[in-house]
Structure formats: C-alpha cells, structure tokens
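S.K.: For reference, the structure I am asking about is given below.
The values are calculated or read from the model by the stated rules, or taken from the named source; none is laboratory data. Source: prediction; values computed, not measured. Backbone-built Cβ (ideal geometry, glycine too); neighbour counts: all protein chains shown. To get the accessible areas, we keep the full protein, side chains included, count just its heavy atoms, and leave off ligands, DNA and RNA. Shrake-Rupley method; radii C 1.70, N 1.55, O 1.52, S 1.80 Å.
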Amino acid sequence: MNHIYFIPIGRKEIVAYRGICQQCGYAINTDLHKYQTVVKSSTYELPNLLRETFPNITEYYADRLELEKQLKRDGGAFMPREERINLILEPFLLMERDVGENLLGETKFENLGINSYISLGLAITFLLFACIFLNLTIIFFLLSLGAFIYWLYQLFTYKSRWVEAKIYPKLVRALKVIRPSKEELSECLKRLSPRMYHISKFVKVERLHTQLTQSPFQPKVL
C-alpha cells in the first residue's frame, strides 16, 4: 500500500509473501507456490502443520538438510574455503534488508525509541520552566541540559544499540554451527564492503567473534 508519512493511501496490493522464523522472528521473502495449502490457524503442532501445508519438505530441502547435518558434525571444517565463505555470507545477505530499512530508510527514526522523544520533550519543557520560574532558573536549566544530553546520547548511539539488539543475536544463531574464525568473518565483511552492503558498516568483526565464542547456544538441525 502506498503511503505519505505512514498515512495509507490507495488500495492494498500484495507485493510479496514473507515467512517468519519461529525461533528468531526474522522474516524473509518466500514463494507461496511451494506450499500445498496455507492455514490461517497457528494452533497446529509442527508435524501436523507440515503434513497439511508442505508434505514434501524433506525432499524439497534434502540438499540443505544434509548440509546442515554435516555442519553439525564437524562445523564444515573439511569444506573448501570458498564454500565456507559463501555459507558464512548467507546471514549477512539476508539481514541486509533489515539494516537498510531500519538504519537508513524511512523507519530509521522509529528506532530511536520512546525514551529519546520523552527526553527531548522534557528538555524543552524544563527550558520553558526556566524562563517562567526565574527563581528556579538554574535548577530547571540543569534539568533541561541533562535531558538534552541524554537525547543526544540516544540520537548518536541508536544505530549501534539497534545492531546490538537486533543483528548480532541473529548472526550468532546462524553462524554458531559453522564456527567461523575471525579471519573468515573479516574476509566476508571485506567482500561486502565494495558491493555497498550497508551491514558491513555496522557489524564489527571483533564484537561478533567475541559473541560467537561466548554464546552457549547449540543449534538444532532437523
């Protein structure tokens, strides 16, 4: 649906279907034609849901499931280097859309959070009070200054905080099974940077590698 500053106009049009991971909540575009049917209820248990909607899922994803089993066994340690790099790149490429939309697109200011807008409002309010209540000018001015500084902190750190909360956990979950080295992560980001992928600007190799080595998460493979 078209919109002007989030006010919807015009008719609704389906432009794509997205599947949402039930573990991490990440949404990716999906082809609806591969499903036998679509159910509106989410009360199905997984085996019944698969039997109803995607009975040939194991055959459809046979190669990928076999690859996942191999990764669980040895982390892909015996794969050719280029194949490992391509696998490590997968989650970065998937999350590029989210990074672009939330940090550089129309919704970027929504990620500032309610606290930032409250602090800006308080800064303006306290400044007005400082002008009205002259006997309390210094107190209200200091309160206004504190709220404004906090707003500046929110403004200049929201991108790194959003990446920390939304991107690193998903990357860790996706990459834990392949156990990439710091050098492999650096190589992936180097490949993404010249191709203008925004995620390469926000993800730090040292931070990601630290989280990968410290994470207790053990991936499950079908």
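S.K.: On the given criteria, is K159 at pLDDT 80 or above and open to solvent by 50 Å² or more (accessible area, probe 1.4 Å)?
M.R.: Values: at pLDDT 80 or above: yes; open to solvent by 50 Å² or more (accessible area, probe 1.4 Å): yes.
The answer is yes for K159.
S.K.: Follow-up. Here are T157, T137: which of them is among the hydroxyl-bearing types (S, T, Y) and farther than 30 Å from K204 by Cα? Show your work before the answer.
M.R.: Details: T157 fails: farther than 30 Å from K204 by Cα.
Checking each option against the conditions leaves just T137.
S.K.: Can you tell me which of E82, E66, E90, E52 is surrounded by 14 or more Cβ atoms within 10 Å (Cβ to Cβ) and either touching a His at 6+ places or on another chain (Cβ under 8 Å) or modelled with pLDDT of 85 or more (or both)?
M.R.: Working: E82 fails: surrounded by 14 or more Cβ atoms within 10 Å (Cβ to Cβ); E66 fails: surrounded by 14 or more Cβ atoms within 10 Å (Cβ to Cβ); E90 fails: surrounded by 14 or more Cβ atoms within 10 Å (Cβ to Cβ).
None of the other options fit; the residue is E52.
S.K.: Which residues, counting only those in region 182-196, are modelled with pLDDT of 90 or more and open to solvent by 60 Å² or more (accessible area, probe 1.4 Å)?
M.R.: Hits for region 182-196 are K182, E183, K190, R191.
S.K.: Of all the residues that make up region 26-66, how many are under 23 Å from L93 (Cα atoms), out of contact with any helix residue (DSSP H, G or I) (no Cβ under 7 Å at 6 or more places or on another chain) and touching a residue at least 12 places away in the same chain (Cβ under 8 Å)?
M.R.: Looking only at that region, the number is 4.
S.K.: Now a separate question. May I ask you to verify whether F140 is without any contact (Cβ under 8 Å) to a residue 24 or more places away in the chain, open to solvent by 30 Å² or more (accessible area, probe 1.4 Å) and under 19 Å from L104 (Cα atoms)?
M.R.: no
S.K.: Could you please let me know if R179 is open to solvent by 30 Å² or more (accessible area, probe 1.4 Å) and without any contact (Cβ under 8 Å) to a residue 12 or more places away in the chain?
M.R.: no
S.K.: Okay, next question. Regarding region 110-119, can at least one residue be identified that is at pLDDT 75 or above and more than 20 Å from L189 (Cα to Cα)?
M.R.: Checked against the condition, which is being at pLDDT 75 or above and more than 20 Å from L189 (Cα to Cα), region 110-119 yields at least one hit.
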